[in-house]
Amino acid sequence: MQSKSFSGRRTGVMLSALLVLLLAVAACASAPVSPAPASGQGLSAQDVWARPAKTMGDAPVEGETQQMQHGGANSAVYMTLANGGATADRLTAAKADVAKAVEIHETTMEGDVMRMQQVQEGIELPAGGQVELKPGGYHVMLIGLTRELAVGDSFPVTLEFASGQTLTVTAEVRQP
Ligand SMILES: [Cu+2]
C-alpha cells in the first residue's frame, strides 16, 4: 500500500519534470531563429538566371541586342557568387548542356562600343566576399544554343573553380 502511493508520487514528479521539459522545448521553438547566412561555408550562388533566347534560324527575341554579335543563338547566365570560405577562389569555367560552348565573359565599354570578351584568368572570388555576374559585366556565355530558352524554363549550370571545387546551380530563364 505504502509502496504503491510512493510509486504514484514518483510518477507525479516525473510527469511534472516532463511538463517542465516540454515547456522549455516549446519556449525554445517559439524563440526567434535567425536565418542561416546566405554565404555559409564554401561557395554558393544566388539568383541564377538566364536571358531567354531562340535557337539559330529564329528571329532574335526582344531585348537580345547585346547577344546579337554572336548571331542570336546565344544567351548569358547571371548570378551572385559568394565565397564563404577562408581562402580566395576563382571561377574558371562553366558547363551547360543547353549550349555547344560555355565561356566566362566580361562586357566592357570601349568608347561608345559595348564589347564582350572571354575572361582568360577567370573571375576572382575573395575570401568571405561575393561577386555579381550581371548584364553589362561578368556573365557565363552560352554559345550556340542547342535548345530554345523560354521564360520559365530552367536548366543546370556547373561552375568550376580554381580550387577544384564545382558547384551545380539551376538557372531560371527570365527577362532581364
Ligand atoms: Cu558574352
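The string of couplings for segment 152-159 from the Karplus curve (6.51, -1.76, 1.60, θ = phi - 60°) is x, 5, 9, 8, x, 10, 9, 9 Hz, one whole number per residue in order, with x for Gly and Pro. Taking amide H as placed 1.01 Å from N in the peptide plane, MET116 has its amide H under 5 Å from the amide H of THR108, each at least 5 places away in sequence or on another chain.
Near LEU43: Cβ cut-off under 12 Å, other residues only, Lys/Arg at +1 and Asp/Glu at -1. The net charge is -1. Projecting the alpha carbon convex hull of segment 43-173 along each direction and taking the average yields 7.6 nm². With 0.36 nm allotted per residue and the present C-alpha distance subtracted, the GLU121-VAL151 stretch has 7.6 nm of extension available. Available extension along the chain between LYS134 and MET109 is 7.5 nm, counting 0.36 nm per residue and deducting the alpha carbon span. Taking a sphere under 15 Å around the Cβ of GLY122 and counting the other residues whose Cβ falls inside, with K and R at +1 and D and E at -1, yields a net charge of -4. Qualifying GluC sites (Glu not before Pro) in segment 113-159, where qualification requires a DSSP coil assignment and no more than 10 other C-beta atoms within 10 Å, comprise GLU121. According to the Kirkwood relation over distinct C-alpha pairs, the hydrodynamic radius of segment 127-176 is 13.0 Å. For GLY137, nonlocal amide neighbours, meaning residues 5 or more places apart or on other chains whose placed amide H falls under 5 Å from its own, are THR107.
Around THR92, with a cut-off of 14 angstrom between Cβ atoms, what is the net charge of the other residues, counting Lys and Arg +1 and Asp and Glu -1? Its environment carries a net charge of -4. In a simple Cβ point-charge model (Lys, Arg +1; Asp, Glu -1; nothing else charged), segment 43-173 has a dipole of about 200 debye relative to its Cα centre.
The numbers here are math on the coordinates, done by the rules we state, and not lab data. In this text the structure is predicted, and so the values were computed from the model without any measurement. No Cβ is skipped: glycine too gets one built from the backbone with ideal geometry, and neighbour counts run over all protein chains shown.
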